[in-house]
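Chemist: I'd like to ask you about the structure that follows.
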Amino acid sequence: MTTIYSDLTKKDLGVLQELLTKDLLIALPTETVYGLAGHAFHDRAIVKIYELKGRPSFNPLIIHFATADSAFNQVVASDTAHKLAEAFWPGPLTLVLPRKDSCQVSHLASAGLETLAVRVPGHPMALEILEYTKIPLAAPSANLSESISPTCAQDVIDNFGLADDRLGAIIDGGACDQGLESTILDLTSENPVILRPGVITRDMIRAVLGTEILSSDHLSLTIKAPGQMKRHYAPKIPLRINVKEVLPGEALLAFGPPLETHGFTMTLNLSQSRDLSEAAANLFAYLRALDQKAFRGIAVMSIPDEGIGVAINDRLRRAAAK
Ligand code: TXA
Ligand code: MG
């Protein structure tokens, strides 16, 4: 059975610590999306994460820590890593760094790679759990592999139900502020490379480092970001992006003044005022809401490919991929 918590007392934190120590999983809110978390040092917990999500074992997990110091105990952190941690943690930036020889994180969590993806999340409840338990948490998004990432506790329940013995608790921290997964930055080669765009944009990173930041479309993606499969975040009905016209029977995901629709349909507006942060926060919830068999598909209006729009378009392209 899964227990739902909507605020955390000391006693609750003690219970969560015990669940995690016994290799059970908990779903928790972060500022980006909800995570399915387990003890990062314990192989048995990591296996449960892969099994429950139906995630291929070659796709490594992000490890969450209470502080930059505890993260950098496990990986070799360059000056660049320290600067970025100072600027953006706690917050939605994941850094890929070489594992230390003494790294205690399960090799299953990093899928056998010599690198590890680490971050300090910004949500107060996630931080409270990490600080209280002192347990680093491996946590992918709390959804079944390939489906849309969860941005509220109900989405997690819709994915896993409340009857799975492996999932001990769901922490309900309301809707996620950012709504898109963290920016992933690889710091293992000469120039930093963005493996997955997010709300921390290339310009923001460049402003801190003052160096050239590459993005993964310049490289062969397969080696560096094993989990960045082409199809991801997929609704069950077809999705068309950058539409100029809505077809009869299609639902509309609008951005700014909406296009005209035809016949029985539904329109949701990512941001009437064309605000990209607002659009990012609404994206996954609206995709989920429009993903109904009553429609022949979802038509998405075009979104400027700048700032956070780069991350939104990345997710939409994957959602549209066949
Ligand atoms: O915002 C987020 O990052 C959320 C919350 C829960 O923290 N987590 C998340 O995890 O999005 P997940 O598992 O859905 O995505 C993790 C991505 C995958 O694409 C994976 O391939 C990549 O991180 N990744 C993990 N370790 C890596 C590594 N060592 N090198 C390259 N990519 C890595
Ligand atoms: Mg995911």
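The values are calculated or read from the model by the stated rules, or taken from the named source; none is laboratory data. Keep in mind that what you see is a predicted model, and the values were worked out from it rather than measured. Neighbour counts are summed over all protein chains in view; Cβ atoms, including those assigned to glycine, are modelled from backbone coordinates with ideal geometry. These area figures cover heavy atoms from the full protein model, side chains too; ligands, DNA and RNA do not enter into them. Shrake-Rupley method; radii C 1.70, N 1.55, O 1.52, S 1.80 Å.
Chemist: How many residues does region 6-37 hold that are more than 21 Å from the chain's Cα centre (by Cα) and either in a helix (DSSP H, G or I) or over 14 Å from Pro124 (Cα atoms) (or both)?
Modeler: Residues in region 6-37 being more than 21 Å from the chain's Cα centre (by Cα) and either in a helix (DSSP H, G or I) or over 14 Å from Pro124 (Cα atoms) (or both): 13 in total.
Chemist: For region 20-51, which residues satisfy the criterion of being surrounded by fewer than 19 Cβ atoms within 10 Å (Cβ to Cβ) and not charged (D, E, K, R)?
Modeler: Kept after step one, since they are surrounded by fewer than 19 Cβ atoms within 10 Å (Cβ to Cβ), are these residues of region 20-51: 21-23, 41, 43-44, 47, 51.
Residues satisfying the conditions are Thr21, Phe41, Val47.
Chemist: Of the numbered conditions (1) open to solvent by 20 Å² or more (accessible area, probe 1.4 Å); (2) more than 29 Å from Gly210 (Cα to Cα); (3) of a type outside the set (Lys, Arg); (4) more than 15 Å from ligand 1 (Cβ to nearest atom), Leu144 fails exactly one; give the number of that condition.
Modeler: Every listed condition holds for Leu144 apart from (4).
Chemist: Please work out which residue is surrounded by the fewest Cβ atoms within 10 Å (Cβ to Cβ), limiting yourself to region 52-70 and to residues that are within 13 Å of ligand 1 (Cβ to nearest atom) and closer than 17 Å to Arg119 by Cβ.
Modeler: Of region 52-70, the ones within 13 Å of ligand 1 (Cβ to nearest atom) are 52-65.
Subset that is closer than 17 Å to Arg119 by Cβ: 59-65.
On the way: Asn59: 16, Pro60: 23, Leu61: 28, Ile62: 26, Ile63: 25, His64: 28, Phe65: 25.
The selected residue is Asn59.
Chemist: Suppose we filter region 95-109 for residues that are under 17 Å from the mean Cα position of the chain (by Cα) and away from ligand 2 (no atom under 16 Å from the Cβ); how many remain?
Modeler: Filtering region 95-109 for residues under 17 Å from the mean Cα position of the chain (by Cα) gives 95-96, 109.
Adding the requirement that they be away from ligand 2 (no atom under 16 Å from the Cβ) leaves 95.
Counting residues in region 95-109 that are under 17 Å from the mean Cα position of the chain (by Cα) and away from ligand 2 (no atom under 16 Å from the Cβ) gives 1.
Chemist: Kindly evaluate Ser78 against the criterion of being open to solvent by 10 Å² or more (accessible area, probe 1.4 Å), more than 26 Å from Arg202 (Cβ to Cβ) and polar (S, T, N, Q). Before you say what the answer is, go through the steps one by one.
Modeler: On the way: open to solvent by 10 Å² or more (accessible area, probe 1.4 Å): yes; more than 26 Å from Arg202 (Cβ to Cβ): no; polar (S, T, N, Q): yes.
Spelling it out, it is not the case that Ser78 is open to solvent by 10 Å² or more (accessible area, probe 1.4 Å), more than 26 Å from Arg202 (Cβ to Cβ) and polar (S, T, N, Q).
Chemist: Let me ask you something else. Regarding region 264-273, can at least one residue be identified that is of a type in the set (Val, Ile, Thr) and surrounded by fewer than 19 Cβ atoms within 10 Å (Cβ to Cβ)?
Modeler: Step one: filter region 264-273 for residues of a type in the set (Val, Ile, Thr), giving 265, 267.
Next cut, surrounded by fewer than 19 Cβ atoms within 10 Å (Cβ to Cβ) only: 265, 267.
Yes - at least one qualifying residue is present in region 264-273.
Chemist: From Ala40, Ala45, which residue is under 18 Å from the mean Cα position of the chain (by Cα) and either more than 16 Å from ligand 2 (Cβ to nearest atom) or within 17 Å of Asp165 (Cα to Cα) (or both)? Spell out the reasoning first.
Modeler: Numbers: Ala45 fails: under 18 Å from the mean Cα position of the chain (by Cα).
Unique residue meeting the criteria: Ala40.
Chemist: Mind listing just one residue for me: the one in region 147-186 that is farther than 26 Å from Leu316 by Cα, open to solvent by 40 Å² or more (accessible area, probe 1.4 Å) and touching a helix residue (DSSP H, G or I) at 6+ places or on another chain (Cβ under 7 Å) and, of those, farthest from ligand 1 (Cβ to nearest atom)?
Modeler: Narrowing region 147-186 to residues farther than 26 Å from Leu316 by Cα: 161-172.
Filter once more, so that each one left must be open to solvent by 40 Å² or more (accessible area, probe 1.4 Å): 162-163, 165-166, 172.
Cutting the leftovers down to touching a helix residue (DSSP H, G or I) at 6+ places or on another chain (Cβ under 7 Å) gives us 166, 172.
Values: Arg166: 17, Asp172: 15 Å.
Residue satisfying both the conditions and the ranking: Arg166.
Chemist: A further question follows. What number of residues in region 179-194 are within 16 Å of ligand 2 (Cβ to nearest atom) and either closer than 16 Å to Leu84 by Cα or basic (Lys, Arg) (or both)? Don't jump to the end; show me each part of the working.
Modeler: Step one: list which residues in region 179-194 are within 16 Å of ligand 2 (Cβ to nearest atom), which gives 179-184.
With the extra rule that they be either closer than 16 Å to Leu84 by Cα or basic (Lys, Arg) (or both), the set shrinks to 182-184.
So the count comes out to 3.
Chemist: If I filter region 126-135 for residues that are closer than 24 Å to Ala319 by Cβ and either surrounded by fewer than 16 Cβ atoms within 10 Å (Cβ to Cβ) or among the acidic types (Asp, Glu) (or both), do I get at least one hit? Quick ask: steps written out before the conclusion?
Modeler: Residues of region 126-135 closer than 24 Å to Ala319 by Cβ: none.
The answer is no, given that none of the residues of region 126-135 is closer than 24 Å to Ala319 by Cβ and either surrounded by fewer than 16 Cβ atoms within 10 Å (Cβ to Cβ) or among the acidic types (Asp, Glu) (or both).
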